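What follows is one structure encoded as C-alpha cells, with my remarks underneath.
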Amino acid sequence: MLPDVKAKPRVAIVGAGNLGTALALALRGAGYRISVIVSRADSRSWQRTCTLAKQIGARVVSDLSGTDAEIVWLCVPDSEIASAATKLAKSEPAASWKGKVALHSSGALTSDELASLRPLGTAVGSVHPLMTFVKGSRPALAGVPFAIEGDAAAVQVARRIVRDLGGCAHAIRKRDKAAYHAWGTFVSPLFTALLATAERVAGQAGVKGSHPAKRTIPILTQTLANYAQFGPAAGFSGPIVRGDVETVKQHLRVLRSVPAARNAYIALANAALEYLPARNKAALNRVLNHAAR
C-alpha cells in the first residue's frame, strides 16, 4: 500500500550531492525520517555522506536491501537516473517494491527514467525544485516552486511532501520538461555566466580583482527588485530603451577585444529589441546586424 496519508513516510535518499544534501536536511526539518542515504562504497563522497547521515539520524548504505523506506528519492546526475533505478530494483526482492513511491529530481528528464520500477508495483514521479544548489550553500525550500509529473499516486505523495517543505507544487507535462529546464538554465547558470562575462568587461574598464563583484551587487539587487516589482518592460533601463544608437556603437567598438562578451552583448541586445520596449528599433537592428557579420 502507499504511505498512509496521515503519517509522514520514511524516505531513502539516493545520492548526497548538493541537491540530495539540501533535500535531506529540508525533509528532516519538516519531520520526515530519512532512514538511509545510498552512496557508492567506493565513492569519494562516502565520508561526506556519513557526516550528513549522522546529522539527520540516517544510515549510509550501498544499496536498499533490508531498508524500510516507503519513498525512494533519486538525487543522482541525469545520466545515471535510469541505470540507478534498474540497479536499485535488483537490490531488493521484487515484492518489496510493491506500493512504494520512487521520485527523481531532474528538471529536464521525465518520470519515465524510473520506468524499470513500474512493473514491480512502484509509482514513479519527477519532482524538480526551481532552485540552485552549490557547494557550501543550503537554500531554504520554503516558497520554492516544484514542477511535478508522473503516476497519479506518486504525484499525490510528492504534492504532500512539497507542501510540508513549504514549497509550491506545480504540474508539468512531460513534453514541456526540456523547455522548462532551459528556462531554469537561463535564470540561474546562464545568468551566472552573464555576471562572469560582465566581470571580464569590468576588467576592460580597469576594474580588477574582487572589485567587479562588489561594485555590481547594488545595481544587480536593484535590477532584480525592479523586475520583481514592475516586470521586465517597466524594469528595463539603459541605452537600448532610450534608443541611444551611438552609445551602442561605442559599446560594440570597445568590446572587440572581448569577443565572447561582444557576442553575448549582441545576442542580448537582439533579445531586448524582440521582447522589451525600445526607441529607434530599426536603427539599432541595423547596428547589431552589422556587428554580427
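The values are calculated or read from the model by the stated rules, or taken from the named source; none is laboratory data. These numbers come from a predicted model, not from an experiment. Methodologically, a virtual Cβ is constructed for each residue, glycine included, from the backbone with ideal geometry; neighbour enumeration extends over all protein chains shown.
So that you can scan it fast, the table gives a plain yes or no per residue for (1) crowded, with 18+ Cβ neighbours inside 10 Å; (2) part of a loop (DSSP other than H, G, I, E, B); (3) not β-branched (V, I, T):
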residue	(1), (2), (3)
T51	no, no, no
L88	yes, no, yes
V134	no, yes, no
A154	yes, no, yes
V157	yes, no, no
Members of the stretch 165-180 that are among the basic types (K, R), assigned to a helix (DSSP H, G or I) and loosely packed, with under 15 Cβ neighbours inside 10 Å: K174, R175
Residue in the stretch 12-22 that is free of Cβ contacts under 8 Å to residues at least 24 places away in the same chain and among the aliphatic types (A, V, I, L, M) present: no
Matching residues, the stretch 93-113, being of a type in the set (S, T, Y) and either surrounded by 21 or more Cβ atoms within 10 Å (Cβ to Cβ) or at pLDDT 95 or above (or both): S105, S106, T110, S111
Failed item in (1) aliphatic (A, V, I, L, M); (2) under 29 Å from K214 (Cα atoms); (3) outside any loop (DSSP other than H, G, I, E, B), with V162 passing the rest: (2)
Qualifying residue in the stretch 34-41 (condition: polar (S, T, N, Q), without any contact (Cβ under 8 Å) to a residue 40 or more places away in the chain and under 23 Å from A94 (Cα atoms)): yes
Subset of the stretch 92-113 (residues that are of a type in the set (D, E, K, R) and either in contact with a Pro (Cβ under 6 Å, 6 or more places away or on another chain) or assigned to a loop (DSSP other than H, G, I, E, B) (or both)): E92, K98, K100
Matching option when the condition is at negative phi, in a helix (DSSP H, G or I) and surrounded by 15 or more Cβ atoms within 10 Å (Cβ to Cβ), among S79, S116, S83: S116
